[in-house]
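Have a look at the structure below before the remarks.
The values are calculated or read from the model by the stated rules, or taken from the named source; none is laboratory data. Being a predicted model, the structure only gives us computed values, none of them experimental. Here the Cβ positions follow ideal geometry from the backbone for every residue, glycine too, while neighbour counts run over all protein chains shown.
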Amino acid sequence: MSGAPPILEARKLSKHFGGFLANDCIDLAVEPGEIRGIIGPNGAGKSTLVNLMTGVHQPSSGDVLLAGESLVGRKPHEIARKGLVRSFQVSRIFGNLSVLDNLVAPLLAGVRTREARQEGAAKARRLLELTGLTRLADAPAKTLSGGQRVLLQAAAGFMMPSLTCYLLDEPFAGVNPVIKDQLIALIEEESRARGLTFVIVSHEMAVMRRLCRKITVLIDGRVVAEGSLDEVAARADVVAAYLGKSYAG
Amino acid sequence: MFSFELFTQALIAGVVIGVIYALMALGITFIYSIVKMINWSMGEFYMLGSYAQYLIVVYWLGPDLWYVAAILSAAAVFLAGWLIEPLLIKPMFTGGIERRDDYATVVTIALLLLLRNLATALSGPYQRTPGTKLPGVMLGPLPESGARFAAFLAALAAIALFTFLLKRTWLGLALRAASQSRVGAQTSGVDVLSLDKLAFGIGVGLAGLAGALLAPVFMVYPTDGVVTTTKGFEIIVIGGLGSVPGALIAGVALGIAESLGATFIASAYQNAYGFVLLLLVLALRPSGLFGERLRQA
């Protein structure tokens with residue numbers, strides 16, 4: 001698998017907010033089919049990185065490439081249509097739409113032929129089953145619990161017809177263990193079945209160890225380490241950033 | 001002096017005018033739910049619709065084809081809104097503006113002044129009417145002017161079409177999604193900025209249609225949109241900002257309140273009864289009948 005050109009790449013990516021350097025010359029290369037983890041203490045610039053890659057913010061300098069094509073200057077909806085889809089820390093579901101319509105909405109971006117629609121409907125039903133939301137398909141999404149909303153939002157991303165690379169921003173935060181397992185199963189299933197690429201930003205080390213073979217550590221807007229969770233966790237600077245200098249030994 | 005017949009008459013008259021008011025309110029609430037702004041120049045788009053109706057009927061089609069003229073007038077106002085949105089409203093989202101509400105207020109009030117004064121400069125302060133050949137009708141016990149009844153039916157048809165568009169089409173799904181979460185819609189690959197253009201056009205088009213339909217009833221002059229716009233905003237507050245069923249029900253409720261008040265209390269205060277209803281709703285349900293508490297997305 002190594003040696004394949006990266007599907008998602010950041011090159012010398014920087015972002016200033018006023019005088020604050022949120023991302024400092026970040027290089028990142030994610031291979032096709034990889035599940036990459038991104039960790040880092042609060043304020044390390046993880047969300048900024050996600051926002052730069054998905055067009056929510058424009059970088060101050062540097063480049064973002066999806067399958068070799070630059071995304072800088074593209075609008076968020078264009079980037080989503082190109083196949084780089086994201087989820088949000090705060091759920092962005094459509095509260096007054098039914099759970100099923102929430103899943104169908106991403107089809108708006110795709111082809112509207114009859115077959116595409118039927119295929120989409122079938123996919124939506126399968127995702128409802130995988131997430132255990134079948135029973136609630138016609139309920140307004142605002143009646144879901146917090147965890148169910150997280151699941152729904154993640155599932156909606158899988159509905160994007162063009163999806164090749166899925167950025168999940170803190171998908172496990174504040175989610176109960178049952179839903180967490182469902183979400184992990186969903187990611188593993190979609191990764192296996194479709195060879196999708198994932199970039200997962202999370203603090204949940206146990207989940208990250210299970211899902212990601214390679215982890216990128218951000219501290220103060222910089223990439224300080226890359227490797228398996230055990231490798232990066234063994235590094236003194238990473239431990240210091242997480243636990244304070246006195247633990248770094 | 002209460003008589004059941006009088007009551008029924010007032011009730012029917014209230015429903016008829018209420019549905020037409022609702023058209024205006026729908027336009028305001030629709031623009032708000034997608035573009036997240038209050039368009040204070042709605043009355044001027046109503047006015048544009050009424051002048052368009054006047055010009056088309058008097059100089060081109062004649063009063064027999066009033067309905068074709070109304071469709072053309074609404075389409076012309078839609079087009080005006082569709083062209084104005086990228087110039088004035090879009091910078092709200094793309095120009096790095098921090099206080100969007102303030103920006104929208106200033107820009108749309110400026111637009112209001114511009115359009116109103118342009119109308120005065122071009123047509124003078126005169127009251128005009130496209131005229132109508134529609135014969136009066138009996139609605140149960142109520143004799144109603146033909147133009148008003150025609151406006152009522154056309155408004156019902158427009159509301160039905162609007163509801164169909166919103167509930168049954170892909171565009172409607174995109175619009176409903178964008179109204180709940182702009183960011184979420186973008187994540188789903190929806191181009192929210194071009195939806196804005198469309199939504200602004202449709203919203204002011206509804207106001208323009210109301211203006212065209214009411215042109216033979218309330219006359220055509222540079223400030224003819226003021227009263228209907230005021231009602232539109234009253235309805236929005238009563239029904240709840242951003243709620244389509246709220247706009248319909250509150251529109252009819254306002255029409256009925258005005259009509260009953262004018263009939264049984266004093267007709268001089270017709271425009272005040274709506275405000276009494278408004279105050280009542282504000283006291284009992286501050287977010288309106290169907291409004292939701294605002295969540296900043």
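Within segment B:70-99, the set of residues being charged (D, E, K, R) and surrounded by 14 or more Cβ atoms within 10 Å (Cβ to Cβ) comprises B:GLU85, B:LYS90.
Scanning segment A:178-197 for residues that are touching a helix residue (DSSP H, G or I) at 6+ places or on another chain (Cβ under 6 Å) and touching a residue at least 60 places away in the same chain (Cβ under 8 Å) gives a single hit, A:LEU196. Residues in segment B:134-149: is at least one touching a strand residue (DSSP E or B) at 6+ places or on another chain (Cβ under 8 Å), part of a helix (DSSP H, G or I) and without any contact (Cβ under 8 Å) to a residue 24 or more places away in the chain? Yes.
When you scan segment B:1-51, how many residues do you find that are in a helix (DSSP H, G or I), polar (S, T, N, Q) and closer than 26 Å to B:THR129 by Cα? Residues that pass the stated criteria total 1.
Is there a residue being closer than 15 Å to A:GLY83 by Cα and assigned to a strand (DSSP E or B) anywhere in segment A:167-184? Yes, there is a match, as at least one residue in segment A:167-184 is closer than 15 Å to A:GLY83 by Cα and assigned to a strand (DSSP E or B). Restricting attention to segment A:50-70 and to residues that are touching a Gly at 6+ places or on another chain (Cβ under 9 Å) and either more than 22 Å from A:GLY195 (Cα to Cα) or of a type in the set (Asp, Glu) (or both), the residue that is farthest from the other protein chains (Cβ to nearest Cβ) turns out to be A:LEU52.
Among helices (runs of 4 or more DSSP H) entirely within segment B:220-297, having at least 2 residues that are crowded, with 22+ Cβ neighbours inside 10 Å, modelled with pLDDT of 90 or more and away from chain A (no Cβ under 14 Å) singles out B:225-239, B:244-264. I'd like to check something: does segment A:170-178 contain any residue that is buried (at least 17 other Cβ atoms within 10 Å of the Cβ), closer than 24 Å to A:MET160 by Cα, in contact with a His (Cβ under 9 Å, 6 or more places away or on another chain) and of a type in the set (D, E, K, R)? Scanning segment A:170-178, I find at least one residue that is buried (at least 17 other Cβ atoms within 10 Å of the Cβ), closer than 24 Å to A:MET160 by Cα, in contact with a His (Cβ under 9 Å, 6 or more places away or on another chain) and of a type in the set (D, E, K, R), so the answer is yes.
Only one entry of A:ALA156, A:ALA124 meets the criterion of being within 12 Å of chain B (Cβ to nearest Cβ) and crowded, with 22+ Cβ neighbours inside 10 Å, and that entry is A:ALA156. Within segment B:168-179, at least one residue is touching a residue at least 60 places away in the same chain (Cβ under 8 Å), in a helix (DSSP H, G or I), among the polar types (S, T, N, Q) and buried (at least 20 other Cβ atoms within 10 Å of the Cβ). Taken over segment B:56-69, the criterion of being part of a helix (DSSP H, G or I) and either surrounded by 19 or more Cβ atoms within 10 Å (Cβ to Cβ) or of a type in the set (Gly, Ala, Ser) (or both) is satisfied by B:ILE56, B:VAL57, B:TRP66, B:ALA69. Being within 14 Å of chain A (Cβ to nearest Cβ) and under 30 Å from A:ILE93 (Cβ atoms) is true of B:THR169. Can you find, within segment A:128-145, the residue that is surrounded by the fewest Cβ atoms within 10 Å (Cβ to Cβ) among those that are in contact (Cβ under 8 Å) with a residue 40 or more places away in the chain and at negative phi? Within segment A:128-145, the match that is surrounded by the fewest Cβ atoms within 10 Å (Cβ to Cβ) is A:ASP138. Being within 14 Å of chain A (Cβ to nearest Cβ), touching a residue at least 24 places away in the same chain (Cβ under 8 Å) and more than 25 Å from B:GLU44 (Cα to Cα) is a property that holds for B:ARG182. Would you check if there is a residue in segment B:200-209 being surrounded by fewer than 24 Cβ atoms within 10 Å (Cβ to Cβ), within 14 Å of another protein chain (Cβ to nearest Cβ), in a helix (DSSP H, G or I) and on the phi < 0 side of the Ramachandran plot? Within segment B:200-209, not a single residue is surrounded by fewer than 24 Cβ atoms within 10 Å (Cβ to Cβ), within 14 Å of another protein chain (Cβ to nearest Cβ), in a helix (DSSP H, G or I) and on the phi < 0 side of the Ramachandran plot.
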